[in-house]
Structures are given as structure tokens and as C-alpha cells.
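Okay, so here's the structure we're looking at.
The values are calculated or read from the model by the stated rules, or taken from the named source; none is laboratory data. All values reported here derive from a predicted model rather than from experimental measurement. Neighbour counts run over all protein chains shown; Cβ positions are idealised from the backbone, glycine included. For the accessible areas, the whole protein counts, side chains as well, though only heavy atoms, and no ligand, DNA or RNA atoms are used. Shrake-Rupley method; radii C 1.70, N 1.55, O 1.52, S 1.80 Å.
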Amino acid sequence: MLKIVKQAHKNLKKVAIVSENRSFTYQELIVQSENFAGLLLNKQTDLNETSVAFMVLPGFDYVRVQWGIWQAGGITVPLCLSYPIPSLRYTIENSEAKVLVVSPEFVELLQPLATEKSLRLIVLGKDDLLENKEEILLPVFDESRRAMILYTSGTTNLPKGVVTSHRGLNAQISSLIKAWKWSKNDHTICILPLHHVHGIINIVGCGLWAGACCEFLPNFSAEAVFNTFKEGKINVFMAVPTIYFKLISHWESLPPDEQTELTETMSRFRLMVSGSAALPVSVMEKWKIISKLTLLERYGMTEIGMVLSNPYAGIRYSGHVGYPLPGVQVRLADEQDHEISYTEIGEIQVKGTTVFNEYWQKPEATAESFTKDGWFKTGDVATVDEAGGYRILGRNSVDIIKSGGYKISALEIEEVLRTHNSVLDCCVVGIDDNEWGELVVAAIVPKNEQIDLTELNNWIRTQMPAYKTPRKYKLINELPRNAMGKVTKNDVKKQLFGNIS
Ligand code: MLC
Ligand code: AMP
């Protein structure tokens, strides 16, 4: 039996999930996810690592489908709910999904693709009502089985599928349960997208493993988050810095009595965590004033789960991401992948059971991302203080942008822009932004003077999700290049977009 399901058996009567104004117990989650596994198996004995893509709204349905796929022996491929068709097509084709599970809201969008690719399409609430309830025999397999593929942008133009085994997922969850003292008395809320580790592992995975109650909101809204806080049940909250920024702005717009009520409610929380991007010192300090809590900042990555964390008990320094989490080995290395001592600046490298298996169908990219002696190279640059605490200084690659907590590849956007018939050449960069961390912007060399930037912007939104699309465009006759002919992106940032750092 999956470890997370085994854990659920300890809390059968407890409420596991609150979504769509309903509560679901652990017992219901177990029964319904087993039923879903039975439906997926469809008289087969084991899905044997078949990829199952699913576009399902956050909440009970999402988790029963996820657990169902795992219990049937398949690999979960969660799809981003705001992906337009080209991104969905890429993810489904690249992951070689054979089955597609959708909430009714997404049938119209995905039916044609399912038919074209001869995928088995399961529409929730329609195709998953089992008629004759035969006993479901679930396959037995060990933890080395592949469990999940998440797509992440990197220094290649197309996103890569990060494959994590059940062993990896279990290790990632266990590490956080221990470090952050999750318990069955906790009550958390998930407002993050469920195609990335922050939502999947840190919030939902940990919450359900611990026997806690996990509430879902369909998407982020500061007002809805605060209204849920006011009910007084939530005691653990995790989000990206942009969300804390947005919550602060909303709090500042409220009348004083509401501000006080919220401050009192939040001051009773056990834990509030920030991660996925650097937490600005100003956000941490303002949050301390409005919640009376010190945010716990941690650092992680899709390929390796969570790696570094400020202490649960102990001083949390702003601008620092803390110390290695249980079961994770971390070091700093120079360009030759030699370990370096503290106070020097180097790349964060990671080893441990939490580390992913491979990039899906990309053995070369997988090999390149590890040192000869098996350390995963994160591409993040940091320094360590005498006590062993890490401070992130930046990234090796200017082509990786973090906006709103999403990792975005400048190369992927450039590639798409270049396919537009009015773009001769382009350069995409991330510029500093208080709210979003970085803002995606593009310098465009047009084919002729008639370029219509509004049309270009509308068009790119049909090609990729809105969070990846440029927020500002500048027209330029020629991109700045160095003696080797390479575009000097830092010049584009500074000269065209006035980025100071
Ligand atoms: C959205 N908008 C942006 C934007 N994203 N503007 C600038 N930059 C961006 N990146 C705009 C939209 O286009 C829209 O405007 C308006 O904001 C509202 O869009 P939305 O999609 O409704 O935004 P919102 O729901 O407010 O989204 C903000 C957010 C979201 C912060 C909730 O970005 C989010 O969920 N981020 C979390 C991502 C995450 O989970 N990352 C973890 C990765 S794992 P308009 O004009 O278009 O209407 C990882 C490892 C680790 O990193 O360590 O955790
Ligand atoms: P992703 O590939 O989406 O999992 O994003 C992982 C990246 O997010 C890391 O490589 C870091 O660059 C960044 N990141 C995560 N947490 C932090 C943090 N606390 N501070 C700075 N950067 C972070």
C-alpha cells in the first residue's frame, strides 16, 4: 500500500479535505481513490508506469484522481489549468500520456486532442460512476516506481519533465513533516496551482500525510484567503512572495477594525512559510507587523524538493534561506564542481533520497545536471555563513526568470515570439519587480514598421499561459551583442528597461 494511503488509514474519521463547500473524510478519500484506481485499471492488473495526464480542479477530485493513478501503478502528469492548447499538446505528447482525466469544465477544450491522439478520456462525474462494484485488486510495487512527472522550464527552450519516484516523494514529504512539525491537528489551505511541488508536496502532500485538514480555494484571491482565515480554523499557511505582497496590499486597503481582526487571527497561526522565489526583506517585515508572525523562508526546486529551511524553532533571518533539511545533503561548489568552504560564493549542489530520477526521455540532460560524483547542480548561486546558513545571491543563467513564483525560460518565449510573422528577432529578460519578483519583458526587432504590439501580445497569449507572456515590449533596430555575436542580455535589461541591479 502507498505510504500516504497507509497514513490515511490512521485517521479514517477525520476530515481530510474541504472543497466546494463540502468536507470529505480520509475514509471517503481512500474509498474514492481506490474506486478511481479500479476504473483506470479497467481489468488490467497494473498500469505499469503509464503516464496519466489530468486537468482537474483543485479539491477532493484532484486528490482522489492523483491517489487513484498512483494506486493503479501509473505516473501522474498534472496539467496547468491555464494552459492554452499548444502547451497542453506539448505536455501530453512529451509525457506520452495514454489516458486523460478531466473535470467537466475542460472537456470541450481537450476532447479534440484526446480524439486526435486516441487517448482514453475520462470525464469526472460522467465516466467515473462505477456500476458494478467488484473488489478492486490493486497492484503491488516498490518505492522505486516512477510516480510523477512535473514540467519545469530551464536553460533549454522547451520545458523538461522531472520524474520523481514514490521513494523521492515520500522522502520529500517526510523531511518537511519532521522539520516543520506537521501534525493531525493542523489545518491548512491550498491556493497554489497543483502542477508544481509547492502546492503538491509542501501543502497537500504534507497535510494529508500528517492527517491534517486541507482546504482548497479554486484560485487565489486575497479577499477569499482572508475570509477563510477569519473562520479561525487555519493554522498553517504557505505561499510564494507575490501572494504575501498581494495579501499585504489588500490588508492595507481594509478598515482598521477588519485589520485588527485579521491580525489577531493570524497571530494564532502555528506556521507561515514563504518560498519558490526570494522573499523581499520589506515583505517579511511588513508581514510581521500585520500578522505578528515571522515568515519561515525556505528554498527548493522541482528536481529536488525542499532543500534548505530557516529553523522552525530559532531565529529566522531575513534574506537567508537557512540550513539543510533532514535527509538532504547540500554543498557549495566552484565551476569545476569542487566543494568550497563557507564565505565563498558558489553553486548550490544537492544529494539525497529527495532528488529526482531523471528528466523524462532526456538521458543527456539528466547526466549534464549531475556532477561526476552524483551531486545535482541547481544553477543557484549562494554563500554560507559560519553557522552553516545559506543566502541565495542569484542564478547562473540569465535565461531563467522567476515571476510570481513560476520558473520561466526566456528561451522558450523567444522561440515562440520568433514564429510570429512580424518578429525578425527578439530578446526576453526578467527585470526586478516588487510584486512579481521579476517581470517578463521583451525587446523586439520587427520585420517592418507596421508591427502591432497589441496583436502580438494577444497572439502570444494563445500560444502560452498568461504567466509566461511578456508584460512590456520595446522595439529596437538591433539587439546589443558582444564580440562573439551573443546578445548581451544584461545590457538589454539596463539600457532598454532601466533595470538597475
Ligand atoms: C499573472 N499576471 C501577471 C503574472 N501572472 N502579471 C505579471 N507577471 C506575472 N507573472 C497578471 C495576469 O495576466 C492578470 O492580468 C492578472 O495578473 C491576474 O492573473 P491571475 O492569473 O488571475 O493572477 P493571480 O491569480 O493573481 O496570480 C498570481 C499568483 C500566481 C501569485 C497567485 O502567479 C501563482 O499561483 N503563483 C504561484 C506559482 C507556484 O506555485 N510556484 C511554485 C513552483 S515550485 P491580465 O491583465 O492578464 O488580466 C518551486 C519550487 C519551490 O518553485 O521552491 O517551491
Ligand atoms: P522550480 O524550478 O519552479 O522548482 O523553481 C526552483 C527555483 O526557485 C530555484 O532554483 C530557485 O532559483 C528559486 N527559489 C526557490 N525558493 C527560493 C528562495 N527561498 N529564494 C530564492 N530563490 C528561490
Worksheet item: Among the candidates L129, L137, which residue alone is part of a loop (DSSP other than H, G, I, E, B), farther than 17 Å from I75 by Cβ and touching a residue at least 12 places away in the same chain (Cβ under 8 Å)?
Response: L137
Practice prompt. Please give the number of the condition L475 fails out of (1) within 16 Å of ligand 1 (Cβ to nearest atom); (2) open to solvent by 80 Å² or more (accessible area, probe 1.4 Å).
Written response: (1)
Worksheet, complete the sentence: A careful count of residues in the stretch 437-457 that are in a helix (DSSP H, G or I) and surrounded by 16 or more Cβ atoms within 10 Å (Cβ to Cβ) gives 2
Worksheet entry | Residue list for the stretch 478-492, restricted to those being within 15 Å of G430 (Cβ to Cβ), open to solvent by 30 Å² or more (accessible area, probe 1.4 Å) and either out of contact with any Lys or Arg (no Cβ under 7 Å at 6 or more places or on another chain) or within 16 Å of ligand 2 (Cβ to nearest atom) (or both) | N490, D491
Discussion item. I'm trying to understand the selection: among the residues of the stretch 253-301, which are within 16 Å of ligand 1 (Cβ to nearest atom), farther than 30 Å from K377 by Cβ and either touching a helix residue (DSSP H, G or I) at 6+ places or on another chain (Cβ under 7 Å) or open to solvent by 60 Å² or more (accessible area, probe 1.4 Å) (or both)?
Written reply: S253, M272, W287
Fill in: Condition broken by N434, with the remaining ones in (1) under 30 Å from T383 (Cβ atoms); (2) open to solvent by 50 Å² or more (accessible area, probe 1.4 Å); (3) more than 16 Å from ligand 1 (Cβ to nearest atom) satisfied
(3)
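Residues checked against (1) in contact with a Phe, Trp or Tyr (Cβ under 7 Å, 6 or more places away or on another chain); (2) over 30 Å from S249 (Cα atoms); (3) within 16 Å of ligand 2 (Cβ to nearest atom):
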{"site": "I401", "(1), (2), (3)": "no, no, yes"}
{"site": "S422", "(1), (2), (3)": "no, yes, no"}
{"site": "E438", "(1), (2), (3)": "no, no, yes"}
{"site": "E449", "(1), (2), (3)": "no, yes, no"}
{"site": "E455", "(1), (2), (3)": "no, yes, no"}
{"site": "N458", "(1), (2), (3)": "no, no, no"}
Worksheet item: Here are some conditions: (1) open to solvent by less than 10 Å² (accessible area, probe 1.4 Å); (2) away from ligand 2 (no atom under 14 Å from the Cβ). I408 meets all but one. Which one does it not meet?
Response: (2)
Item to complete: Take A410 and decide whether it is outside the structural domain of I340 (by TED's automatic domain parsing), under 28 Å from T302 (Cβ atoms), touching an Asp or Glu at 6+ places or on another chain (Cβ under 6 Å) and touching a residue at least 40 places away in the same chain (Cβ under 8 Å).
Response: yes
Discussion item. If the requirement is being crowded, with 16+ Cβ neighbours inside 10 Å, hydroxyl-bearing (S, T, Y), assigned to a loop (DSSP other than H, G, I, E, B) and assigned by TED's automatic domain parsing to the domain that holds N310, which of these qualifies: T366, T383, T354?
Written reply: T354
Worksheet item: Considering only the stretch 369-380, how many residues are over 13 Å from Y299 (Cβ atoms) and surrounded by 13 or more Cβ atoms within 10 Å (Cβ to Cβ)?
Response: 6
